[in-house]
1. For segment 40-72, which positions are among the acidic types (Asp, Glu) and touching a residue at least 40 places away in the same chain (Cβ under 8 Å)?
2. List the pairs whose first member sits in segment 19-33 and is among the acidic types (Asp, Glu), whose second member is assigned to a strand (DSSP E or B), and whose Cβ atoms are under 8 Å apart, counting only residues at least 6 apart or on separate chains?
3. Check residue 379 against each of (1) of a type outside the set (Lys, Arg); (2) touching a His at 6+ places or on another chain (Cβ under 7 Å); (3) at pLDDT below 80 and name the one condition it does not meet.
4. So which residues in segment 480-498 are open to solvent by 30 Å² or more (accessible area, probe 1.4 Å) and either of a type in the set (A, V, I, L, M) or at pLDDT below 90 (or both), if there are any at all?
5. Show the residue pairs meeting these rules: Cβ distance below 6 Å; 6+ apart or different chains; first residue within segment 322-342 and under 19 Å from residue 40 (Cα atoms); second residue open to solvent by 10 Å² or more (accessible area, probe 1.4 Å) and among the basic types (Lys, Arg).
6. Looking at residue 397, is it open to solvent by 10 Å² or more (accessible area, probe 1.4 Å), more than 22 Å from the chain's Cα centre (by Cα) and modelled with pLDDT under 90?
7. Any chance segment 114-124 includes a residue that's in a strand (DSSP E or B), open to solvent by less than 20 Å² (accessible area, probe 1.4 Å) and under 30 Å from residue 31 (Cα atoms)?
8. Search segment 384-405 for residues that are part of a loop (DSSP other than H, G, I, E, B) and pair each with any residue that is at pLDDT below 95 and among the small types (Gly, Ala, Ser) when their beta-carbon atoms are under 6 Å apart and the residues are at least 6 apart or on different chains.
Amino acid sequence: MTEPPPYPQIEPTTFDLIAAGTGLAECIVAAAASASGKTVLHLDANPFYGSHYSSLSVPELTSFLISNSTPSSPPSSTSTTSDIADYSIVNLITQPVYSDVEISCFYPELMEENLRKFNLDLCGPRVLFCADKSIDLMLKSGASNYVEFKSIDASFVGDGNGKLWNVPDSRAAIFKDKSLTLMEKNQLMRFFKLVQGHLAATVGAGTSGNDGNGNGNDEEEGKTKISDEDLERPFVEYLSKMRIILYAIAMADYDQDDMGVCQNLLKTKDGIDRLALYQSSVGRFTNASGALIYPIYGQGELPQAFSRRSAVNGCIYVLRMPVTALLMEKDSGSYKGVRLSSGQDIFSQKLVLDPSFTLASPSTSPSDLLHEGFNFLSTRDVKGKVARGICITRNSLKPDTSNLLVVYPPRSLYPEQITSIRALQISGNLAVCPLGMFVLYLSALCDDAIQGKRLLNAAMNALLTFPDPVNSESSSTVQSETSEEKPTVIWSGLYMQEMSTVDNGMPSLLFQGQFDSINFAPMPDGNLNYNDILDAALKLFQEMYPNEENFPETTPPENSEDDIGLTLET
């Protein structure tokens with residue numbers, strides 16, 4: 001039996017920044033640092049890019065979830081002394097960030113033929129709005145040169161009766177929608193007109209005679225601002241009964257009608273901003289049919305796009321290279337570098353770690369003084385959980401639509417449903433699965449696995465058919481389904497993911513300067529887009545390098561039309 005090849009030695013051995021983990025936030029920080037002229041070493045223990053934001057084959061996804069749902073073993077050496085007399089070693093392990101993993105294969109022979117033909121998103125469902133911050137940053141940074149997108153064909157709101165109602169995303173769509181009554185159309189048209197007028201008046205404030213009280217004195221029709229008082233009201237009150245806007249366009253998570261269970265009450269001003277994002281996304285790209293787009297080959301392409309941009313600027317990438325320990329200066333206790341699984345020590349001024357990292361055990365701290373300060377490395381600010389599900393089918397939820405989004409508002413499936421459930425269907429024409437198959441991603445915020453799986457199962461039962469386990473074992477083919485039947489599930493995976501961060505701030509002034517070089521990237525959140533992840537990454541970069549601009553402007557390409565850097569296939 002041949003032994004694996006030895007780890008290569010990394011040269012040079014000193015960098016401005018080391019990033020351990022190729023999640024989206026780490027890749028954005030590394031790309032921004034390399035664009036600012038910093039020397040960057042980017043490491044990942046996995047054989048693929050993306051970490052918790054990756055797109056994987058079925059075997060890779062299953063292995064990743066299982067391996068990250070149990071604590072990793074501490075390094076073989078637990079010594080706190082290094083070969084270098086000036087440094088102490090603090091061993092690292094990874095804590096589980098996934099739990100309650102359930103993998104079910106109903107047609108093994110069919111799946112066996114296609115196991116490695118899938119690119120399944122680990123943090124799905126995810127889409128990008130055509131006008132959101134992620135697109136702007138990709139265009140600014142040049143990462144858009146390395147990824148292509150397709151449009152999501154349509155959005156729907158689901159109910160407990162199995163019906164899917166089209167989401168009208170513009171005044172023209174409202175007019176054409178046959179499922180709306182005349183009264184509902186008039187109500188929605190007036191609301192969209194009011195929002196557009198408010199946005200126009202806001203942009204023109206200061207030149208259109210605003211009275212300073214948020215009311216505006218521009219009498220021109222359609223340019224009246226919404227009052228400051230109304231902007232501070234709960235959005236659910238302002239919208240009255242228009243739940244389709246609240247949950248399918250403004251993307252509210254929790255039941256906005258029940259203050260007892262709502263953990264995130266959406267204010268009208270924030271709701272207006274979300275509607276503005278949605279409306280400005282419609283029509284930004286001429287060949288996008290709606291507001292939402294999705295990267296070809298899966299969401300894992302986004303971290304890789306920023307990684308490729310970093311590599312152009314000199315960043316060094318090494319996969320299959322775990323970080324096993326921190327190197328801390330004995331006298332001052334300040335961070336100096338990392339020890340790799342190869343045994344090599346690499347030094348840097350700054351360090352960004354995957355959020356799953358923590359100390360192997362308190363006993364490995366170099367001293368009692370440092371032990372107290374190192375508690376921040378082990379403190380996880382758990383912000384709840386997100387239940388995620390992936391289902392593979394042979395038929396679309398809508399016969400005439402390949403790529404679509406479905407939202408189940410709170411209490412639409414059962415009375416105790418307090419959060420929205422989102423389901424995103426992606427087809428083979430986006431290269432995430434074989435042609436003729438479909439991948440359905442589901443997610444819902446939850447407090448625990450029992451609540452999370454009840455939410456997911458309710459949505460899956462409303463949308464899909466699960467085969468009889470006895471019959472599926474003896475059949476290798478999925479029976480043909482008519483347009484009236486729900487798609488049959490071939491394979492499914494359910495899991496809980498922690499939404500946790502580690503406080504990058506200092507535990508006390510006593511340790512100021514010792515740990516401010518060590519930072520943590522965020523886990524994927526429960527949102528549909530990446531705006532909060534993007535904000536966290538750029539904030540982290542600015543805290544690390546306060547005097548540097550993120551992605552400074554470079555000479556534009558010869559053909560510098562608007563949004564020329566984004567490739568969107570029809």
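The values are calculated or read from the model by the stated rules, or taken from the named source; none is laboratory data. Source: prediction; values computed, not measured. Cβ placement follows ideal geometry from the backbone for every residue including glycine, while neighbour counts extend to all protein chains displayed. Remember, those area values only see protein heavy atoms, side chains included, never the ligands or the DNA or RNA. Shrake-Rupley method; radii C 1.70, N 1.55, O 1.52, S 1.80 Å.
1. Within segment 40-72, 44 is the sole residue that qualifies.
2. 26/19; 26/20; 26/42; 26/352
3. (2)
4. If the condition is that a residue be open to solvent by 30 Å² or more (accessible area, probe 1.4 Å) and either of a type in the set (A, V, I, L, M) or at pLDDT below 90 (or both), then 480, 481, 482, 483, 484, 485 are the ones that fit.
5. 324/339; 325/339; 327/336
6. Numbers: open to solvent by 10 Å² or more (accessible area, probe 1.4 Å): yes; more than 22 Å from the chain's Cα centre (by Cα): yes; modelled with pLDDT under 90: no.
The answer is no for residue 397.
7. Just the residues of segment 114-124 that are in a strand (DSSP E or B), to begin with: 120-121.
Those still in the list that are open to solvent by less than 20 Å² (accessible area, probe 1.4 Å) too: 120-121.
From what is left, the residues that are under 30 Å from residue 31 (Cα atoms) are 120-121.
Looking through segment 114-124, at least one residue is in a strand (DSSP E or B), open to solvent by less than 20 Å² (accessible area, probe 1.4 Å) and under 30 Å from residue 31 (Cα atoms).
8. 399/483
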